[in-house]
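Each value in this text was obtained by applying a stated rule to the coordinates, not by laboratory testing. In this text, all values refer to a predicted model and were calculated from it rather than measured experimentally. Quick reminder, even Gly has a Cβ in these numbers, built from the backbone with ideal geometry, and neighbours come from all protein chains shown.
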Amino acid sequence: MRSVQLPLLNRKINGFYYESPSEEKRPGILFLPDLTGIQKATHKSAEILCNEGDYNVLIPDLYSGGTTLRKYCVQFLMNAMVRNNEPTGNAPLAEFFEILDQFKEFDNVDENNIGVVGQCLTGGFVLHAAIRPEVKAPVVFHHSFGLTGSGIPARCASFIDHKIQGHFAYVDPMCPVWRVKELERQLNGKLETHWYNLPHGIPHLFFNTDQGKRAFKHMMNFFQQQLA
């Protein structure tokens, strides 16, 4: 693993890059943390994806570059366009696409085979990323976007062609069952859903519960299937 810096439009953020040992270009996975930021489980996930899956994995530190947890979350709480995960007027989403576009330019990343993992506040980014033709493996964990509806505007969902893998908890006030059902209806067979008797924050439990381990295995299998 090595540290990298990503110069964005409004700030420069840090990242952690797990680079495949392969001399050829390999698929890239952009692994986004949740509200709690980068944790030990985040690094362990990236390490396994890199060493066992032979992927290039980038973890961006969204709270670096002069941005604290409070500042970052205020962008969501105070902006109705963001809370509804609209494609315009959504500064965090625009910044996410800056990160994605820079990651695709890394020398050993196959820019046509990209996976994206998002969870909670970053989960909704995955839904928009799935519109992109190069994002072959979008994985969302209990997205907390959407005051009403599925968490992505219907006009945006209509452009999604790729399968999305989704992981959800049966009891989750941050991402209730009705939101997932609406997303399933919108995507019309393109959402592969997995359900767990776990609390919100499934990726934190990848390595210390049986259901968490099952979620990680589903994610690994999805990457192997979708990333050529």
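Here are a few things to note about the model shown:
- Computed on the Cα atoms alone, the convex hull of the chain gives a volume of 110 cubic angstrom per residue.
- Structure-based [θ]222 nm, the chain - -39500 (n - 2.57) summed over DSSP H runs of at least 4, per residue, nearest 500: -10000 deg cm²/dmol
- Within straight-line cross-link reach of K181, lysines at Cα separation under 18 Å, skipping those fewer than 8 residues along the same chain: K163, K190
- For M1 and T209, the FRET efficiency from 1/(1 + (r/R0)^6), where r spans their Cβ atoms and R0 equals 35 Å, is about 0.90.
- Pairwise FRET efficiency - N51 versus C73, Cβ, R0 = 30 Å, nearest 0.05: 0.35
- Largest GNM mean-square fluctuation among V140, V116, V171, using the chain with Cα springs under 10 Å: V171.
- Exposure proxy shown here: for R11, R2, the number of other Cβ atoms within 10 Å sets the order, fewest to most, as R2, R11.
- Efficiency of FRET between N112 and S22 - r from beta-carbon atoms, R0 25 angstrom, step 0.05: 0.95
- Here's the picture: charge each Lys and Arg Cβ at +1 and each Asp and Glu Cβ at -1 in the range 2-226, and of N188, Y18, M220 the one pushed furthest to the positive end of that dipole is N188.
- When K213, K163 are arranged by Cβ crowding within 10 Å, least crowded first, meaning fewest neighbours, the order is K213, K163.
- Percent of beta bridges antiparallel (DSSP, the range 2-226, rounded to nearest 5): 30 percent
- Packing-based exposure ordering (other Cβ within 10 Å, fewest first) of E98, E24: E24, E98
- Restricting the calculation to alpha carbons of the range 37-121 gives Rg and Dmax of 14.5, 41 angstrom.
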